[in-house]
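One structure, pasted below without further comment.
Just so it is clear, none of the values below were taken in a lab; they were calculated from the coordinates. This is a predicted model, so every value here is computed, not measured. Cβ atoms come from the backbone with ideal geometry, glycine included; neighbour counts cover every protein chain shown.
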Amino acid sequence: MGEEENRPAEEKKMEEKKVEEDEKKGYESKGEYAQQPQEVILKVYIYCEGCALKVHCCLKGFQGVEDLLTDCKSNKVVQTSTLWDMTPNSAITMSLGVVPIPEKLREGRLRWFGHVLRRQPSDAVRRVESITVDGARRRGRPRRKWEDCLRFDLKDLALTEDMTSDRKVWRLKIRVTE
């Protein structure tokens, strides 16, 4: 019985030693191990040293970022931070001023659409619009067509096909601000 009573006391001493060791190492005093710094490699298109400096300054301001290495040649940014202090991707893209990909794709589709509609009806690009393909379609749900995407894009931005005639106005309306 004496041994059983001594065990909890010994276990308490061991836990206290672990807590003291954790505090010396810089971990939390609760005995839970803090997250070790982790390296995150970001693929970023960096064209020059000025771009690298700008990315470095933007990312350095985030909470939890301990170290940053930018490499222009391999287009990589190596970020060392702790997992508890990691920031979500949306916060990084907002701070860098990056436009969401679907919006940029929509801009490209609408730019091409305006270009096509400003061409003469006899041009090859315009004649392709009226081509019909013979034969049966595949089983399952039909593929999403370019025309369907355009219809949704025009509806979302409250645009009409008539607006494409004035190129400057059209570009202003479809432009995504960065």
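Once the other residues with Cβ under 12 Å from the Cβ of residue 102 are scored (Lys, Arg +1; Asp, Glu -1), what is the net sum? If you can, show how the numbers build up before the last one.
On the way: positive: 104, 106, 109; negative: 103, 107, 153, 156.
Taking every Cβ under 12 Å from that of residue 102, the sum is -1.
Sticking with this structure for a sec: When ranked by the protection proxy of mean other Cβ atoms within 10 Å per residue, highest first, what sequence do the peptides 102-111, 89-98 form?
Top to bottom by mean Cβ count within 10 Å: 102-111, 89-98.
Between residue 101 and residue 146, what is the FRET efficiency for a Förster distance of 22 Å, r being their Cβ-Cβ separation, to the nearest 0.05?
Using R0 = 22 Å, I get an efficiency of 0.80.
While we're looking at this one, here's another question. Ranking 113, 62, 152 by Cβ neighbours within 10 Å, fewest first, what do you get?
152, 62, 113
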